[in-house]
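Some notes on the structure that comes next.
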Amino acid sequence: TDPVTQLLRFAKEYHGNTDHLEMISLGRGQGPIAEELIHKALAQRGHWVFLQNCHLAAYFMPTLQAIVES
């Protein structure tokens, strides 16, 4: 199932809007963009990044793991 609707509803209930939420569908060439979004969200506390279709970006998973571990 697609969790986007539920995530948007939760984000709106939690923050009153969805301005703090970025969504990106991973795939060809999207890894660097996702990494930038994650770093921006880390700098702006309370911001969220929703990574979709991670199964299409196995190459990005080591980078994501490093980000999470740091």
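Taking the conditions exactly as written (crowded, with 16+ Cβ neighbours inside 10 Å, small (Gly, Ala, Ser) and part of a helix (DSSP H, G or I)), does residue 66 satisfy them or not?
Values: crowded, with 16+ Cβ neighbours inside 10 Å: no; small (Gly, Ala, Ser): yes; part of a helix (DSSP H, G or I): yes.
So residue 66 does not fit the description; no.
Under 6 Å between Cβ atoms, at least 6 apart or on separate chains: pull out the pairs that start in the stretch 1-30 with a residue that is closer than 21 Å to residue 61 by Cβ and end on any residue that is assigned to a helix (DSSP H, G or I) and open to solvent by 50 Å² or more (accessible area, probe 1.4 Å).
As it stands, the answer is 26/56; 27/56, since those pairs meet every condition given.
Residue 57 - would you say it is out of contact with any Ser or Thr (no Cβ under 7 Å at 6 or more places or on another chain), among the small types (Gly, Ala, Ser) and at pLDDT 95 or above? Give the steps one after another, and end with the answer.
Values: out of contact with any Ser or Thr (no Cβ under 7 Å at 6 or more places or on another chain): yes; among the small types (Gly, Ala, Ser): yes; at pLDDT 95 or above: no.
No: the conditions fail for residue 57.
Would you check if residue 50 is surrounded by 15 or more Cβ atoms within 10 Å (Cβ to Cβ), at pLDDT below 95 and in contact with a helix residue (DSSP H, G or I) (Cβ under 7 Å, 6 or more places away or on another chain)? Before the answer, list the steps.
Details: surrounded by 15 or more Cβ atoms within 10 Å (Cβ to Cβ): yes; at pLDDT below 95: no; in contact with a helix residue (DSSP H, G or I) (Cβ under 7 Å, 6 or more places away or on another chain): yes.
So residue 50 does not fit the description; no.
Give me the pairs, please: first residue somewhere in the stretch 49-63 and in contact (Cβ under 8 Å) with a residue 24 or more places away in the chain and closer than 13 Å to residue 32 by Cα, second residue anywhere and small (Gly, Ala, Ser) and assigned to a helix (DSSP H, G or I), beta-carbon distance under 8 Å, and either six or more positions apart or on two chains.
Once the first residue is in contact (Cβ under 8 Å) with a residue 24 or more places away in the chain and closer than 13 Å to residue 32 by Cα and sits in the stretch 49-63, its partners that are small (Gly, Ala, Ser) and assigned to a helix (DSSP H, G or I) give 51/34; 57/31; 57/34; 59/31; 60/31; 60/34; 63/31.
What is the number of the single condition among (1) touching an Asp or Glu at 6+ places or on another chain (Cβ under 7 Å); (2) of a type outside the set (Lys, Arg); (3) surrounded by fewer than 14 Cβ atoms within 10 Å (Cβ to Cβ) that residue 55 does not meet?
(1)
Can you pull out every residue in the stretch 9-39 that is out of contact with any Gly (no Cβ under 9 Å at 6 or more places or on another chain) and either farther than 17 Å from residue 52 by Cβ or assigned to a strand (DSSP E or B) (or both)?
First, pick out the residues of the stretch 9-39 that are out of contact with any Gly (no Cβ under 9 Å at 6 or more places or on another chain): 9-14, 16-19, 21-39.
If the condition is that a residue be out of contact with any Gly (no Cβ under 9 Å at 6 or more places or on another chain) and either farther than 17 Å from residue 52 by Cβ or assigned to a strand (DSSP E or B) (or both), then 12, 13, 14, 16, 17, 19, 21, 22, 23, 24, 25, 39 are the ones that fit.
Restricted to the stretch 1-47, and to residues that are in contact with a strand residue (DSSP E or B) (Cβ under 8 Å, 6 or more places away or on another chain) and of a type in the set (Gly, Ala, Ser), which residue is most open to solvent (accessible area, probe 1.4 Å)?
Across the stretch 1-47, the extreme among qualifying residues is 25.
The values are calculated or read from the model by the stated rules, or taken from the named source; none is laboratory data. Quick caveat: nothing in here was measured; it's all calculated off a predicted structure. Counting neighbours? That spans all protein chains shown, and the Cβs are built from the backbone with ideal geometry, glycine included. Protein only, heavy atoms only, side chains kept; ligands, DNA and RNA dropped before computing areas. Shrake-Rupley method; radii C 1.70, N 1.55, O 1.52, S 1.80 Å.
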